Amino acid sequence: MAAPGEGPAAPDVEIGPVDLAARVDEALLVQAAAFGLTQDEIDVRRHIVLRHLEHPHARALGALTPTGRLVGFVYGLPNDRAQWWSTVVEPYLRATGSDDWLDDSFVITELHVHPRHQQHGIGRTLITAITDAVPQPRSILSAIDKDSPARALYRSLGYRDLARQVVFPSAPQPYAVMGAPLPLLRPPGRMDFRPPAPPG
């Protein structure tokens, strides 16, 4: 997952609910730029994203410019051990005594920010905003198992490694599965791009 860490404020970016299914092609262009996807990979992921978003408790947020352009997004859903992702990671989590994290957890399925808008705290706001709104007591996700801005961001929010060197079929690199109790940590001095709550 590509996500920003720290940096100066990104002006005029607002984070809020978005109909990601209706904007799936725009979202996949952001993901392709952030994650380096080929057109074939985009085509495969389009069907996966749309299937995920059919879940009745799936949630999605977008980062939008004043002109309405999507420059970042996050989506996730409550974990289900029957889901493909869970069936892949469960043996790795069981080996570390962490498979209970598959229950009562909200999975961050995708989190991406366009490279031109990274390092401004947008990814941090996306992930904290989406997890703040869920009833689950903890969150899990998978990230490429190497030092990266994304992994540093997740650690700063309270995520820790539950299993490493997790191999997904057809993925060129191994992943780490990370988990964090909710709410996520709030390091001081970070920007928040959510619109202010209405008075009262």
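The values are calculated or read from the model by the stated rules, or taken from the named source; none is laboratory data. Keep in mind that what you see is a predicted model, and the values were worked out from it rather than measured. When the accessible area is computed, the model is the full protein with side chains, heavy atoms only, and any ligands, DNA or RNA have been set aside. Shrake-Rupley method; radii C 1.70, N 1.55, O 1.52, S 1.80 Å.
Here are a few things to note about the model shown:
- With every protein chain in place, the chain: carbon and sulfur % of accessible area (1.4 Å): 56 percent
- Per residue, the stretch 69-155 exposes an accessible area of 36 Å² to a 1.4 Å probe, with every protein chain left in place.
- The value obtained for the stretch 26-65, namely the Cα convex hull volume divided by the number of residues, is 73 Å³ per residue.
- Separation between Cα centres of the stretch 54-115 and the stretch 118-191, rounded to whole Å: 10 Å
- Less than 5 angstrom separates the built amide H of residue 110 from those of 75, all sequence-distant by 5 or more or on a different chain.
- Computed over the stretch 48-200: relative contact order in percent, which uses C-alpha pairs under 8 Å that are six or more apart: 21 percent
- Kirkwood Rh in Å, taken over all unlike Cα pairs in the stretch 124-163: 11.1 Å
- Kirkwood Rh, Cα atoms: Rg over Rh of the chain: 0.94
- In degrees, nearest ten, helix 84-95 long axis to first principal axis of the chain (Cα): 60 degrees
- Whole-number D in µm²/s for the stretch 39-142 (Stokes-Einstein; Kirkwood sum over Cα pairs; 37 °C, 0.692 mPa s): 220 µm²/s
- Degrees between helix 39-53 axis and first principal axis of the chain (Cα, 0 to 90, nearest 10): 90 degrees
- Degrees, to the nearest 10: 122-132 long Cα axis against longest axis of the chain: 70 degrees
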